[in-house]
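A short write-up of the structure that comes next.
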Amino acid sequence: MKESKADLIVHPIRMKIIQTLLGDRRLSVQQIGERLPEVPQASLYRHIRKLADAGVLQIVEERAVRGTIEKVYALAAAAVGVSADEAATETHEAHIRHFMTFLGSMLTDFDTALASKELPFEQRAGYSQLTFYLTEEEQLELFKEISDAFQRRMGHEPGPDRRKLTVNTILTIQKKPAAGTAASAAEDESEPDVNRSVQQAPTETKGDIQ
């Protein structure tokens, strides 16, 4: 059976490689490995090769280093991510499988951050859930604001004063209740535009700091 693009990308190690190259970065395997010290070198080479063979990564430079040829990789334009059309072809079971893989990767990162005692908990990890009631136009406005905020920081390079921050986004949008239903009436009578539910969360985003 041919591997879908989602199956290719939604893999714990391959997701980390892709995230490392976001922001138009151009990195060698060694540089990627320095940013992912938890990934064994043999696994790193194998997954980079798989992503390159699938066209998700492209070689943008080759240079001679100590008698060998070092390849520099970048994300191929429009190759990362799964389009709406591609996602629509995935079965319900496939989406659940991909989501469980995503949750597994997130749990590993959270466990790593939680195990570290270098910083107090509120600076190491956090999780929360926010609920909004928005029109489609307001949803698009919110997504753009979040995307703009992330893009402004995506190009920051590792440094002595910077820690790796991973933000995981999980989005679910419920269908609009039919007019006249109890749920619809409750929304109409509700005064707040935003309901906040926090599960002992010190921060406002789903994420972890390592």
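R97 versus D111, label points 7 Å from Cα toward the beta carbon: distance in nm?
Taking the two extended label points, one gets 2.3 nm.
Which order, highest average first, do 125-132, 6-13 follow once you tally other Cβ atoms within 10 Å for each residue and take the mean per peptide?
Numbers: 125-132: 15.4, 6-13: 18.0.
Put in order of decreasing packing, that is 6-13, 125-132.
Would you mind calculating the gained length between F121 and E62 on full extension (0.36 nm times residue separation, minus the Cα-Cα distance), in nm to one decimal?
Length difference between fully extended and current span is 17.0 nm.
Please give the direction-averaged projected area of the C-alpha convex hull for the stretch 41-139, in square nanometres with one decimal.
11.5 nm²
Cross-link list K5/K71; K117/K164; K144/K176; K144/K175; K5/K144: which exceed 18 angstrom alpha carbon to alpha carbon?
K5/K71; K144/K176; K144/K175; K5/K144
Below 14 angstrom from the Cβ of I13, what's the summed charge of the other residues (Lys, Arg +1; Asp, Glu -1)?
Local net charge: +3.
Working with all protein chains in place, sort V65, V82 by solvent-accessible area computed with a 1.4 Å probe, largest first.
Order by accessible area, largest first: V82, V65.
Find out how many positive minus negative residues lie around E70, taking Lys and Arg as positive, Asp and Glu as negative, among other residues whose Cβ is under 15 Å from that of E70.
Taking every Cβ under 15 Å from that of E70, the sum is +2.
Tell me, in nm to one decimal, what length is gained between M154 and L8 on full extension, where the rule is 0.36 nm per residue of separation less the Cα-Cα distance?
On the way: separation 146, 0.36 × 146 = 52.56 nm, distance 2.32 nm.
In short, 50.2 nm is gained.
Top to bottom by accessible area (1.4 Å), largest first, where do T112, T20 land? Don't skip to the answer; put the middle values down first.
Values: T112 75, T20 15 Å².
So the residues, ranked largest to smallest area, are T112, T20.
Quick one: check the C-alpha center-to-center distance for the stretch 27-61 versus the stretch 123-138, whole angstrom.
33 Å
Rounded to the nearest 0.05, what FRET efficiency do Q129 and S43 give with R0 = 30 Å and r taken as the Cβ-Cβ distance? Could you check? Could you put the intermediate results ahead of the total?
Working: r = 33 Å, r/R0 = 1.10.
Efficiency for this residue pair is about 0.35.
Just how much of R26 is accessible, in Å², when a 1.4 Å probe is used and the result is rounded to the nearest 10?
Near enough 130 Å² of accessible area.
P(r) for the stretch 84-162, please, calculated from all Cα pair distances in 5 Å bins and given in %.
3, 10, 9, 13, 21, 23, 12, 7, 2
The values are calculated or read from the model by the stated rules, or taken from the named source; none is laboratory data. All of these numbers come straight from a predicted model, not from anything done at the bench. Please note: Cβ atoms are built from the backbone with ideal geometry, for glycine as well, and neighbour counts cover all protein chains shown. For accessibility, only protein heavy atoms count, side chains too; no ligands or nucleic acids. Shrake-Rupley method; radii C 1.70, N 1.55, O 1.52, S 1.80 Å.
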